[in-house]
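One structure below.
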Protein chains: 2
Amino acid sequence: MPLLVIGSVALDSVHTPHDAREDVLGGSAVFFSYAASFFTSVRLSGVVGEDWPHEHTRFLQSRRIDTSGLQVVPGGKTFRWRGKYLANMNDRETLEVHLNVLGEVDPVLPDDFRRCPYVFLANGAPQTQIKALDQVVGPRLVVADTMDLWIREAHEDLMQLFRRVDGLVLNDSEAKLLTGDENLVRAGQRIREMGPKFVVIKKGEHGAMFFSQYETYVLPAFPTEQVVDPTGAGDSFAGGMMGYLAERGDFEPQSLKKAMAYGILVASFTVEDFSLERLKNITREDLEFRLQQYQRMLSFET
Amino acid sequence: MPLLVIGSVALDSVHTPHDAREDVLGGSAVFFSYAASFFTSVRLSGVVGEDWPHEHTRFLQSRRIDTSGLQVVPGGKTFRWRGKYLANMNDRETLEVHLNVLGEVDPVLPDDFRRCPYVFLANGAPQTQIKALDQVVGPRLVVADTMDLWIREAHEDLMQLFRRVDGLVLNDSEAKLLTGDENLVRAGQRIREMGPKFVVIKKGEHGAMFFSQYETYVLPAFPTEQVVDPTGAGDSFAGGMMGYLAERGDFEPQSLKKAMAYGILVASFTVEDFSLERLKNITREDLEFRLQQYQRMLSFET
């Protein structure tokens, strides 16, 4: 089933201890879309400026990604982010943020985007996420991401959003900030009580945790020694997870767990190179092969 | 098969954000022995002072723990540690360390301890660990623990120890310190190249990683919301792991992985109360029940 994502489309400049890239393809909706496109057709909604390189659009179209929801703002400039990773490749500093068109224009969904049954609201101002969701008619599954900025500065809006989504995806540090609880098991359960039917806490190199009314579990990250650039790992995770759910067409507990696993595995490829470079060079078969390795890793005789 | 542990026996004073305990039973060899005693008979070697409460010895003897290797040093005082956990219950400050007899007397193994096939050298000065190992005749499996102090101040001795052990257990921060590599997958592999046939990196609330020539994998911690006191978690992990291996009597890859799982699960109980309080109140059946939960958590349909 088709999957709609509303989020940022960006040009990223990334500095790691060993290398750097300038103005490469990035943004939450881009990483999400590409990751999800291994599993299902994706409809991407976002805004860019006149400086947006059209080859990026063509590149996304070469996958199962419908870019008709990508608005080009006349005279506007594309969202730009510049960040620097510390030696542990987990912590990062944001060096520059130029919101540009991202701060000025709310996405307007094309007609056929509005009937998408699976919806992902990538990180953004909660009021913008709600405005986007208001345009969708009868969705089957709505999942949102958020970040520390909105937890700190738009708490009421966030609580309003939580009551409208089925699932929420956020980082470990954000979960602690939102609840004031350092124990992630308690934090996850408390966030679920704020509205979402399920909550996923992303722990970066340590994997991800899942919380529903019936289940609490954690799955580890796939161990990888080649971490080149973690940018987009979290959005790839969400893309892999939602992509598989949309392909599958249900959200039974076992489907959700397998979706978590696919999210973890897509993200494990994303970090192996800058931007989408690594994902460009893998196929669904590579994901299936890594899934088998992952399942072997997690199984032992009874 | 019997399992020998040589390590510290201590009286711990522990401060957490919510509670505190004074002079409670602790020490690496104590946590290890109790954890291992769910699986096999244990021979405990260590030194204490005249102030050692004999009820602790009787308590250990009430399990399958042979305390005839516990030397009471006349006129000596028992090793004491005082520590304080920060709000995240993961980081801690050491407030006081009184090595007392621990710094003065090397363990002398009783005759029947020397023929133990399974040996664990708990954290200690590498030269002391080597002196203990020199007393053991024809062991089948020797595993050691270490810490940052020895990595910094006794590097050559540590390298000598590494060439004599089959396995090494250490923390994530220690693995990074030892290799200068922030990527734990590379760090684990590099430590294995220093001598041990297998290496286990403990990641606290994030589980543990395993490295051999043939395998690299990670298992997550069992998610628990009730973290009262993490003291002894790492030693309980090692005790559960080695205890199961000694019970099993082999160290095939599948046995090692299941041993890792038992280690993780015993540790998940240890942290639920101070000292050995939680472990006192569980049985092997509780471990088996949690193992089933853990396996269900880690499995999903193919």
> How would you rank B:T16, B:T78, going from fewest to most other Cβ atoms within 10 Å of each one's own Cβ?
Replying inline: B:T16, B:T78
>> Please give the Cα centre distance for segment A:16-51 versus segment B:247-298, rounded to the nearest Å.
In response: 42
> What are the distances, in nm and sorted shortest first, from the label point of A:V137 to the label points of the same position in each other copy, with each label point placed 7 Å from Cα along the Cα-to-Cβ direction?
Replying inline: 8.7
> If we count other beta carbons within 10 Å of each Cβ, what is the order of A:T94, A:T270, A:T67, fewest first?
Replying inline: A:T94, A:T67, A:T270
>> As I understand it, the dipole of the protein assembly as shown uses +1 on the Cβ of Lys and Arg and -1 on the Cβ of Asp and Glu, about the Cα centre. Which of A:A246, A:L276, A:A132 lies farthest toward its positive end?
In response: A:A246
> Tell me, what HN-Hα J-couplings in whole Hz come from the Karplus equation 6.51 cos²θ - 1.76 cosθ + 1.60 at θ = phi - 60° for each residue of segment A:66-72, using x for Gly and Pro?
Replying inline: 8, 9, 5, x, 8, 8, 9
> Over segment B:3-297, what is the mean sequence separation of C-alpha contacts under 8 Å (at least six apart), divided by residue count, expressed as relative contact order in percent?
Replying inline: 17
> What are the semi-axes of the equivalent ellipsoid for the protein assembly as shown, taken as the square roots of 5 times the Cα gyration tensor eigenvalues, largest first, in whole Å?
Replying inline: 50, 23, 22
> Among A:L86, B:L219, what is the fewest-to-most ranking by other Cβ atoms within 10 Å?
Replying inline: A:L86, B:L219
> From the label point of A:M194, set 7 Å along Cα to the beta carbon, how far off in nm is each other copy's matching point, shortest first?
Replying inline: 4.2
> What whole-number value in cubic angstrom gives the convex hull volume per residue for the C-alpha atoms of segment A:99-155?
Replying inline: 82
>> I'd like the FRET efficiency for A:D51 and A:D112, computed as 1/(1 + (r/R0)^6) with the beta carbon distance as r and R0 of 25 Å, rounded to 0.05.
In response: 0.35
> Taking a ≥ b ≥ c as the square roots of the eigenvalues of the Cα gyration tensor of chain A, is the shape rounded (a/c under 1.5), prolate (a/b larger than b/c) or oblate?
Replying inline: rounded
> Per q in 0.10 1/Å, what log10 I(q)/I(0) does a Debye calculation on the alpha-carbon atoms of segment B:1-150 return?
Replying inline: -0.34
> Taking the Cα centre of segment B:4-61 as the origin, how large is its charge dipole in debye, to the nearest 20, when only Lys and Arg (+1) and Asp and Glu (-1) carry charge on their Cβ atoms?
Replying inline: 340
> What is the sum of charges around A:K202, taking Lys and Arg as +1, Asp and Glu as -1, for the other residues whose C-beta is under 11 Å from the C-beta of A:K202?
Replying inline: -4
> Hey, what do the phi angles of segment A:2-18 turn into as Karplus ³J(HN,Hα) couplings, whole Hz, using 6.51/-1.76/1.60 and θ = phi - 60°, x for Gly and Pro?
Replying inline: x, 10, 9, 10, 10, x, 7, 10, 9, 10, 9, 10, 10, 10, 10, x, 10
>> On alpha carbon coordinates alone, what is the Rg over Rh value for segment A:172-302, Rh being the Kirkwood radius?
In response: 0.97
> Taking the label point 7 Å from Cα in the Cβ direction, how far apart in nm is B:E301 from each other copy of itself, listed shortest first?
Replying inline: 2.8
>> Under the rule a/c < 1.5 gives rounded, and otherwise a/b versus b/c splits prolate from oblate, where does segment A:1-55 land using the Cα gyration tensor?
In response: oblate
> Hey, which aspartates and glutamates would be in cross-link range of B:K257, C-alpha to C-alpha under 20 Å, not counting anything within fewer than 8 residues on its own chain?
Replying inline: A:E301, B:D145, B:D166, B:D172, B:E205, B:E215, B:D235, B:E247, B:E285, B:D286, B:E288
>> What does the extension gain come out to for A:L177 and A:T302, with contour length at 0.36 nm per residue minus their alpha carbon separation?
In response: 41.1 nm
> Residue by residue, what Karplus-based ³J(HN,Hα) values in Hz, rounded to whole numbers, does segment B:115-124 have, using 6.51, -1.76 and 1.60 with θ = phi - 60° and x for Gly and Pro?
Replying inline: 9, 5, x, 10, 10, 10, 9, 5, 3, x
> If you keep only loop residues by DSSP, which GluC sites (Glu not before Pro) in segment A:1-79 have at most 16 other Cβ atoms within 10 Å of their Cβ?
Replying inline: A:E50
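Coordinate-derived values only; no laboratory data. Keep in mind that what you see is a predicted model, and the values were worked out from it rather than measured. Reconstructed Cβ throughout: ideal geometry from the backbone, glycine too, with neighbour counts over all protein chains shown.
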